[in-house]
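Heads up, the thing below is written out as structure tokens.
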Amino acid sequence: MFFFEETKVSDRKTVFSGIQPTGDIHIGNYLGALRNWVKLQDGFDAIYCVVDLHAITVPYDPVALHRSRLDTAKLLLAVGVDPGRSLLYFQSQVPQHAELSWMLSTITSLGALNRMTQFKEKANKAGENLGLFSYPVLMAADILVHKAHAVPVGDDQTQHLELARDLAERFNSRFGDEFPVPEQITPDVGARIMSLKDPTSKMSKSDDDVNTRVLLLDEPDTIRRRFKGAVTDSETEIRYDPEKKPGVSNLLDILSLFTGRSVDALAQDNRSTQYGHFKATVAEAVVEGLSPIRTAFKALDDEEVSRIMVKGALDARMRAEGEMASVRKKLGFDARLGSEG
Ligand code: ATP
Ligand code: LTN
């Protein structure tokens, strides 16, 4: 794990992360990843990407994708990603990601990709294809093309990040030192927010049942309804015990993250509160916490956001091109065009 340190601007480390523009962003994405993205802008060179090339690995509608890319970018700005301090762009507009992905695929074993649990889950649901299979290699390229030192993600990404670390080490030992081995940054609380309907599986964008999740842009009454319908258990006591009481514990995690109070203190205060009343308390904390995000989102203009994303892509290309020159050279591709006669 990575330690936050006071650093001079000149020796700042780089963080990189990505989010897919598929479906709507929920509080799991926010608490597990995006809140850290925003915090890390202070001490790191932060690079954040809407990973739209990843989104086409499952069946999709191009018109809908066009809209959801922009909405995802707007939401990132609304939660506090600041283009003045961070690089923010669409992955498809920076071709070096795909180039490095190809190179890394030549040092990736099929065995490693075969072990990826997310591939199996998605392939069962949406059908398989080569892009879905090699998705983790593109994710490694996303991170390594910027020589990132750390990656803020939820804990469902641990297996993918291990591959990125492994590929960095493998490349370095085969071709010479090039990439830092990236560390995962995952919050102590909130790394895996669970579904409101099945608290033994994670809250997910792609769950068919919308009642399982709360979206960042949900209206207050929808949020209240979602929590009212949240699955708890047949006991009556509010207690933090993720094994035996996953539903209640998930609600305590969410309340803690939205109020800034510890899970222990909240469990103590609510020990004999009725479940219905407790769920309403959680709902109100979430309504209040999400309200500034909804307001910021509504104030953003599509044209302006598109301009921000184009500027981000141009800067990211320049940066990635600088890194790729040395990678190409190491692989035996001469950097001087036309010099090979
Ligand atoms: P899907 O479930 O369809 O794969 P997703 O909800 O995981 O989608 P992603 O775009 O894949 O959404 O994830 C964006 C970020 O949010 C990643 O860093 C991921 O680890 C994090 N994340 C996703 N779901 C959760 C969750 N339930 N709790 C905490 N973090 C999460
Ligand atoms: N696989 C990730 C999204 C993702 C990502 C990345 C995250 C693609 N490239 C690079 C961190 C760094 C997901 O499904 N959440």
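The values are calculated or read from the model by the stated rules, or taken from the named source; none is laboratory data. All figures in this text were calculated on a predicted structure; none of them were measured in a lab. Every residue, glycine among them, receives a Cβ derived from its backbone with ideal geometry; neighbour counts consider all protein chains shown. Just the protein is used for accessible areas: all its heavy atoms, side chains included, with ligands, DNA and RNA removed. Shrake-Rupley method; radii C 1.70, N 1.55, O 1.52, S 1.80 Å.
Here are a few things to note about the model shown:
- 1.4 Å probe accessible area per residue over segment 142-294, in Å²: 45 Å²
- Karplus-based coupling profile of segment 13-19, in residue order and whole Hz: 8, 9, 10, 9, 8, x, 9, with θ = phi - 60° in 6.51 cos²θ - 1.76 cosθ + 1.60 and x standing for Gly or Pro.
- Each of 94, 309, 179 was placed along the dipole of the chain (beta-carbon charges, centred on the mean Cα), and the one lying farthest toward the positive end is 94.
- With Cα atoms, 0 to 90° folded angle of helix 130-144 axis to the chain main axis: 80 degrees
- Of 74/197; 39/228; 147/329; 74/125; 120/244, those spanning more than 24 Å from alpha-carbon to alpha-carbon: 74/197; 39/228; 74/125; 120/244
- With Cα atoms, 0 to 90° folded angle of helix 275-299 axis to the chain main axis: 40 degrees
- Over all other residues within a Cβ to Cβ distance under 12 Å of residue 140, the charged ones net out to -2, with Lys and Arg as +1 and Asp and Glu as -1.
- Percent of C-alpha pairs per 10 Å bin in the chain, short distances first: 5, 24, 32, 24, 11, 3, 1, 0, 0.
- Estimated 222 nm signal from helices in the chain, with DSSP H stretches of n ≥ 4 weighted -39500 (n - 2.57), rounded to 500: -16000 deg cm²/dmol
- FRET efficiency for the pair residue 233 and residue 181, taken as 1/(1 + (r/R0)^6) with r the Cβ-Cβ distance and R0 = 45 Å, rounds to 0.60.
- Whole-Å distance, taken between Cα centres, linking segment 230-271 and segment 87-148: 36 Å
- Surface share of carbon and sulfur [accessible, 1.4 angstrom probe, percent] for segment 98-206: 51 percent
- Site pair residue 12 and residue 106 shows an inter-label distance of 3.5 nm when each label is modelled 7 Å from Cα along Cα→Cβ.
- Average Cα contact separation per residue, segment 29-93, under 8 Å, 6 or more apart, as relative contact order %: 55 percent
- Sites matching trypsin sites (Lys or Arg not before Pro) across segment 1-100 that sit in DSSP coil, with at most 15 neighbouring C-beta atoms within 10 Å: 8, 12, 85
- Estimated dipole of segment 213-265 in Debye, rounded to 20 [Cβ of Lys and Arg +1, of Asp and Glu -1, Cα centre]: 160 debye
- Segment 209-341: relative contact order as a whole-number percent, Cα under 8 Å and 6+ apart: 22 percent
- Taking GluC sites (Glu not before Pro) across segment 248-341, the ones in a DSSP loop with at most 13 further Cβ atoms lying within 10 angstrom of their Cβ are 340.
- Dipole in debye (nearest 20) - segment 63-128, about Cα centre, beta carbon charges: Lys, Arg +1; Asp, Glu -1: 180 debye
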